[in-house]
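Participant: Please find one structure pasted underneath; my questions will follow.
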């Protein structure tokens with residue numbers, strides 16, 4: 001470099017008041033990017049686990065009440081909310097890893113593929129531990145709009161189609177009061193319904209039946225909130241049912257993801 005150029009560079013440095021940056025600043029910056037990437041991986045695992053939980057506990061047998069074909073029902077109940085969230089976390093991981101020391105060497109598809117594998121494993125762990133089901137329940141209770149965003153959760157808020165769910169407020173004989181997902185209270189007539197042994201104060205239930213009139217619903221079948229139907233026709237405890245679940249008597253299919261919710 002010629003003396004003239006050196007002088008110009010030095011003058012520019014003095015003019016802009018540029019100071020040397022310590023090595024630790026770069027170290028902490030790299031650590032921050034790795035930390036953010038790690039958080040995105042954990043959140044992605046939770047998203048995957050919750051998506052597993054929703055699909056495993058989906059009541060596939062009720063599709064005729066909602067659509068004309070099973071394919072349409074299947075496409076409707078896919079957990080799009082969690083899929084979109086998962087996609088956002090993939091991008092966040094990619095952007096953060098690209099800012100690490102050797103991140104420039106990693107292509108997007110390599111990072112995305114590794115992320116999918118890791119979060120799929122984490123999701124399975126969270127699902128088996130019951131954490132994913134807990135998240136789904138907490139979101140449903142804390143955010144009233146959640147079941148409107150997730151069609152798979154919202155199908156149990158369609159009394160006109162004979163599907164209702166919520167928390168049991170009180171019980172009197174074969175009649176009980178249910179507070180639905182929107183906070184509305186219903187009087188449920190359960191005489192003759194299947195699985196009435198599930199009815200208890202504070203229990204969260206799914207109900208198949210028909211709306212009689214405003215605020216009144218006749219139940220034909222009671223289902224546990226966690227799990228799906230398919231055992232009421234006769235399988236005994238320990239038999240398998242749809243989705244790889246295990247029947248607990250006539251009360252319905254209970255998945256591993258229900259363990260924290262009992």
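The values are calculated or read from the model by the stated rules, or taken from the named source; none is laboratory data. This is a predicted model, so every value here is computed, not measured. We place every Cβ from the backbone using ideal geometry, glycine too, and count neighbours over all the protein chains shown.
Participant: For residue 160, only one of the following conditions fails: (1) loosely packed, with under 15 Cβ neighbours inside 10 Å; (2) at pLDDT below 75. What is its number?
Facilitator: (2)
Participant: Filter region 136-154 down to the residues that are in contact with a helix residue (DSSP H, G or I) (Cβ under 7 Å, 6 or more places away or on another chain), buried (at least 16 other Cβ atoms within 10 Å of the Cβ) and assigned to a helix (DSSP H, G or I) and list them by number. Can you show your working first?
Facilitator: Of region 136-154, the ones in contact with a helix residue (DSSP H, G or I) (Cβ under 7 Å, 6 or more places away or on another chain) are 136, 139-140, 146-154.
Still in the list and also buried (at least 16 other Cβ atoms within 10 Å of the Cβ): 136, 139-140, 146-147, 150-154.
Within region 136-154, 136, 139, 140, 146, 147, 151, 152, 153, 154 qualify.
Participant: Another question, if that's okay. Restricting to region 66-111, count the residues that are at pLDDT 85 or above, over 30 Å from residue 159 (Cα atoms) and surrounded by 15 or more Cβ atoms within 10 Å (Cβ to Cβ).
Facilitator: Qualifying residue count for the region: 3.
Participant: Check 26, 33 and return the single one that is in a helix (DSSP H, G or I), modelled with pLDDT under 80, surrounded by 15 or more Cβ atoms within 10 Å (Cβ to Cβ) and on the phi < 0 side of the Ramachandran plot.
Facilitator: Going through 26, 33 in turn, the sole match is 33.
Participant: Within region 174-203, track down each residue that is part of a strand (DSSP E or B) and surrounded by fewer than 19 Cβ atoms within 10 Å (Cβ to Cβ). Quick ask: steps written out before the conclusion?
Facilitator: First, the residues of region 174-203 that are part of a strand (DSSP E or B): 175-180, 185-189, 194.
175, 177, 179, 180, 185, 187, 189, listed by residue number.
Participant: Among what's in region 205-214 and is free of Cβ contacts under 8 Å to residues at least 60 places away in the same chain and within 18 Å of residue 141 (Cα to Cα), pick the residue that is surrounded by the fewest Cβ atoms within 10 Å (Cβ to Cβ).
Facilitator: First pass over region 205-214, keeping only residues free of Cβ contacts under 8 Å to residues at least 60 places away in the same chain: 205, 207, 209-214.
From what is left, the residues that are within 18 Å of residue 141 (Cα to Cα) are 205, 207.
Values: 205: 23, 207: 27.
Out of the qualifying residues, it is 205.
Participant: To continue, here is another question. If you go through region 155-176, how many residues are on the phi > 0 side of the Ramachandran plot and in contact with a helix residue (DSSP H, G or I) (Cβ under 7 Å, 6 or more places away or on another chain)? Talk me through it step by step, then tell me what you get.
Facilitator: Let us first name the residues in region 155-176 that are on the phi > 0 side of the Ramachandran plot, namely 162, 166, 173.
Remaining after also requiring in contact with a helix residue (DSSP H, G or I) (Cβ under 7 Å, 6 or more places away or on another chain): 162.
Residues meeting the conditions: 1.
Participant: Has region 41-63 got any residue that is on the phi < 0 side of the Ramachandran plot, without any contact (Cβ under 8 Å) to a residue 60 or more places away in the chain, touching a helix residue (DSSP H, G or I) at 6+ places or on another chain (Cβ under 8 Å) and exposed (fewer than 15 other Cβ atoms within 10 Å of the Cβ)?
Facilitator: no
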